Amino acid sequence: MDKFKDLVKIFFTIFGSLIGFFLGDLDIFIYSLTAFVICDYVSGIIRAGFERKLSSKIGFKGILKKIMIFIIVGIANICDKNLIKNQAMIRSSIIFFYIANEGLSILENALAMDLPIPKKLKILLEQFKEEK
């Protein structure tokens with residue numbers, strides 16, 4: 001049993017290292033993006049349930065789209081490391097774009113369920129998305 005635990009620890013160590021290398025520093029930007037991606041997916045499921053349109057096929061496509069977001073962030077990180085060297089400009093821009101995009105999607109899901117949304121928050125997120 002101890003060997004199995006050790007193998008699991010080794011696996012997650014290697015996996016975490018690869019993810020960290022690919023995505024760059026596990027900083028507040030990545031944590032924020034992860035939170036927004038998860039909240040958007042969950043809010044989409046809640047909306048689909050609210051509208052009685054739950055579909056495992058659509059849900060699976062949603063997961064694939066979320067994975068693609070992190071692949072794009074990883075590619076941006078690689079570009080930063082190889083082209084810009086010391087700064088994460090491309091990576092940060094991509095992350096900000098997707099945070100804004102996911103935030104708008106969360107608001108759209110809430111609006112579709114007739115939840116009130118502060119107008120200033122919606123305007124701010126729309127402006128943020130346009131800038132990126």
Q) Hey, F11 hits all of (1) under 13 Å from the mean Cα position of the chain (by Cα); (2) at pLDDT below 95 but one; which does it fall short on? A) (1)
Q: Give just the number: which of (1) in a helix (DSSP H, G or I); (2) aliphatic (A, V, I, L, M); (3) loosely packed, with under 15 Cβ neighbours inside 10 Å; (4) touching a helix residue (DSSP H, G or I) at 6+ places or on another chain (Cβ under 9 Å) does L54 not satisfy?
A: (1)
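Hey, any hits in the stretch 2-20 for a residue that's surrounded by 12 or more Cβ atoms within 10 Å (Cβ to Cβ) and farther than 24 Å from A88 by Cα?
To start, the set of residues in the stretch 2-20 that are surrounded by 12 or more Cβ atoms within 10 Å (Cβ to Cβ) comprises 19-20.
From what is left, the residues that are farther than 24 Å from A88 by Cα are none.
Scanning the stretch 2-20 turns up no residue that is surrounded by 12 or more Cβ atoms within 10 Å (Cβ to Cβ) and farther than 24 Å from A88 by Cα.
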Q.
Contact list please: Cβ distance under 7 Å, first residue in the stretch 112-126 and farther than 18 Å from E51 by Cβ, second residue at pLDDT 85 or above and not aliphatic (A, V, I, L, M), pairs at least six apart or on different chains.
A. L125/G103
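The values are calculated or read from the model by the stated rules, or taken from the named source; none is laboratory data. Owing to the predicted nature of the structure, the values given are computational and were not obtained by experimental measurement. FYI the Cβ positions are ideal-geometry reconstructions off the backbone, even for glycines, and counts take in every protein chain you see.
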